[in-house]
Amino acid sequence: MNIPESLCFKQPESNVGWHAELKLKFGIKRFKTRLLERQQYGPLTVQKTFHPEGTSCHTYLLHPPGGVVGGDHLNFVIDVEESAHALLTTPGATKFYRSSGEQVWQKQQLNVANHGLLEWLPMENIFFPGARCKLLTHINLAEHARFIGWDIQCFGRPVLEEKFDDGVVLGQTFIFREQEVCLSETVRVQTANMFDPTAMLRNFAMSGTLYITPVDHDLIDKITKVVERQQQRFGDEVLLGITELKNISKCHSLAVNSAVNNLVVVRALGHLTEPMIASFIQVWCCVREHWFGELPEIPRIWST
């Protein structure tokens, strides 16, 4: 399902910068999830896939230029076929550099078929002062699909005491299940109007959002306990909260004890990357253990 054009950010027109696209399709072959198709244009690619957990497929997304500048257009299309299980991450943070006026455009379309699972776990985005970006994410889930993914945004470079005192970042995320909207949210950080960043960030430099679907009551309880433990562990270094979103009309045939709780969103505010990512990883491990009865294999790239 597509959101009406009037509600979506418009793709900026530009003849400058890199225009790149990466399309990946994951499916079952010889009893494992494998990367079945890859189409790429411009400076987007993937490393060799890994199977550290046996049947699931770990893939690292690469942007060789090392950063995104004004005028760049990046488009990701990820398809996970029925019963496949793919985990995608990045080797490091994605840097959005200062722009002289041109906007960055990045679109991510993530599609998961019945009984498939996509884990979308990229490292953080860092927006340098003067960056001008539009980010659009569409997540399309079949009735029995699973998804867990996060977005972590860093405005400026707090370690260097560099603030995001100039620039514009506009982000939209839509999650659909069986063409029914489960989530629609917009983020605007515009330094021309200081109310916008103050209202969303509360003077923190970083914002993180973790999406989990489907959920049942037992999983919600477990996630809540993990969040409480992480809050006690890190104190004021990171602020964590949970939102439960309910969608009755299209989620009646999920797990019997799922009731109407279809989506949990864990939100975070902080000044440093490590406490936020560490907290999200603990929630991710909790979810994976609940779904499969065992902890996940941590991507090796996160330790380098």
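The values are calculated or read from the model by the stated rules, or taken from the named source; none is laboratory data. Here the structure is a predicted model, which means the values were calculated and not measured. Backbone-built Cβ (ideal geometry, glycine too); neighbour counts: all protein chains shown.
Given the condition surrounded by fewer than 15 Cβ atoms within 10 Å (Cβ to Cβ), closer than 18 Å to Val227 by Cβ, modelled with pLDDT of 95 or more and in contact with a strand residue (DSSP E or B) (Cβ under 6 Å, 6 or more places away or on another chain), answer yes or no: does some residue in the range 285-298 qualify? No - not one qualifying residue is present in the range 285-298. Only residues that are more than 12 Å from His85 (Cβ to Cβ), in a strand (DSSP E or B), over 19 Å from the mean Cα position of the chain (by Cα) and not charged (D, E, K, R) were counted in the range 22-53, giving 6. The condition of being surrounded by fewer than 17 Cβ atoms within 10 Å (Cβ to Cβ) and either of a type outside the set (Gly, Ala, Ser) or at negative phi (or both) does not hold for Pro122.
A single entry from Ile248, Ile223 fulfils the requirement of being hydrophobic (A, V, I, L, M, F, W, C) and at pLDDT 95 or above: Ile223. Considering only residues in the range 34-54 that are touching a Ser or Thr at 6+ places or on another chain (Cβ under 9 Å) and surrounded by 16 or more Cβ atoms within 10 Å (Cβ to Cβ), the one that is farthest from Leu295 (Cα to Cα) turns out to be Leu35.
Restricting the search to the range 154-172, which residues are surrounded by fewer than 21 Cβ atoms within 10 Å (Cβ to Cβ) and either part of a strand (DSSP E or B) or of a type in the set (Asp, Glu) (or both)? Hits for the range 154-172 are Gly156, Arg157, Glu161, Glu162, Lys163, Asp165, Asp166, Val168, Leu170, Gln172.
Scanning the range 55-68 for residues that are assigned to a loop (DSSP other than H, G, I, E, B) and surrounded by fewer than 18 Cβ atoms within 10 Å (Cβ to Cβ) gives Thr55, Pro64, Pro65, Gly66, Gly67. Consider the range 135-145 and keep the residues that are buried (at least 19 other Cβ atoms within 10 Å of the Cβ) and in contact with a Leu (Cβ under 8 Å, 6 or more places away or on another chain). The one that is farthest from Cys286 (Cα to Cα) is Leu135.
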